[in-house]
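The values are calculated or read from the model by the stated rules, or taken from the named source; none is laboratory data. From a predicted model like this one, the values you see are computed outputs, not experimental measurements. A quick note on method: Cβ atoms are made from the backbone with ideal geometry, for glycine too, and the neighbour counts reach across all protein chains shown. Note: accessible area is taken over every heavy atom of the protein model, side chains too, but ligands, DNA and RNA are not part of it. Shrake-Rupley method; radii C 1.70, N 1.55, O 1.52, S 1.80 Å.
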Amino acid sequence: MTHRVPLIIGNWKMHKTVAEAVHYVTVIIPHLIPLTGCEIGVAPAFTALAAVSAAAAGTPLHVFAQDVAAEGPTGAFTGEVAAEMLRDVGCQGVIIGHSERRRYYGETDGVVAAKVRRALEARLLPAVCVGETLSEREANAALDVVERQLRGIADALTDAAKQPIVLAYEPVWAIGTGRAATPELAQAMHRHIRAVWEARFGASAAATLRILYGGSVTADNIAGFIAQPDVDGALVGGASLSPDGFAQLIRRSCALTSGDGEGVLRSVE
Ligand code: PGA
């Protein structure tokens, strides 16, 4: 069985000043240094990316942006931030197609695909979100919706075997509601996503694809998700805002995957 290193990303959304963000990093780093068996990232607002990247340099903490321009590397696109600019301030990855972007800012599958292309061109790891709304699930359309979103993402790739990408399944009804999916529901969708990827790109690309679960993940429920065979980490919103809470959540994920028990953590390469 292919070993996929779990990835946990804290999505801070529109929270934290630069000073608060840097303070967070100084608090969480000592928790991460001894960790092993997983990779950890945070996604601050654009304004804090440079300071957080500087504070996290040389540590196991990776820095993701929450969005990226579909255009670039430069141009007349007021308000947009190009993938190369994110690299320039030290980002290693970027969240793309979050449901809040799709819903409030009209991001279509085509826009998401363009952003994935731009991220890859700038050598940023795209963490691309998919997921159905409550009405889509109730209409039995969850699989179709996610499949459509996946098709858009897959179309953006020229060589899936070589282009690193992470997917995140985030049912919209579970985000920020306190109503997480059950681990079994997540596993069923993750298995479906992997099957779609396999049909499109072959067994080996599907076997190495990391699929994160997101939607009301907490330190109390993370273990149930990570224990699922096709859940390879988590995208965490509210529960990532406190460094101590996020560190506890991380310890519970890494402990399970390393088999070393809570608190036995080594640094991530
Ligand atoms: P939540 O958000 O953990 O607060 O539900 C997850 C997300 O939006 O990525």
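Couple of notes before you dig in:
- As a ratio to 2.2 N^0.38 Å, the alpha-carbon radius of gyration computed for the chain takes the value 0.93.
- Using a probe of 1.4 Å, the accessible surface attributed to Glu184 totals some 120 Å² when neighbouring protein chains are kept in position.
- At the residue level, Asp244 shows approximately 90 square angstrom of accessible surface with a 1.4 angstrom probe and all protein chains present.
- Length added when fully stretched, Arg123-Ala227, from 0.36 nm per residue minus Cα-Cα: 34.4 nm
- Ala76-Asp144 pseudo-label distance in nm [points 7 Å out on the Cα-to-Cβ vector]: 4.2 nm
- Selection from Ala223, Leu209, Pro171, by position along the positive dipole direction of the chain (Cβ): Leu209
- Rounded to the nearest 10 Å², the accessible area of Phe77 at probe 1.4 Å: 90 Å²
- Where the chain is the region considered: accessible area per residue in Å², 1.4 Å probe: 43 Å²
- Highest-MSF residue in the chain out of Gly110, Gly41, Gly238 [GNM, Cα springs under 10 Å]: Gly110
- Taking the 1.4 Å solvent-accessible surface of segment 15-81 as the whole, the part contributed by carbon and sulfur is 64%.
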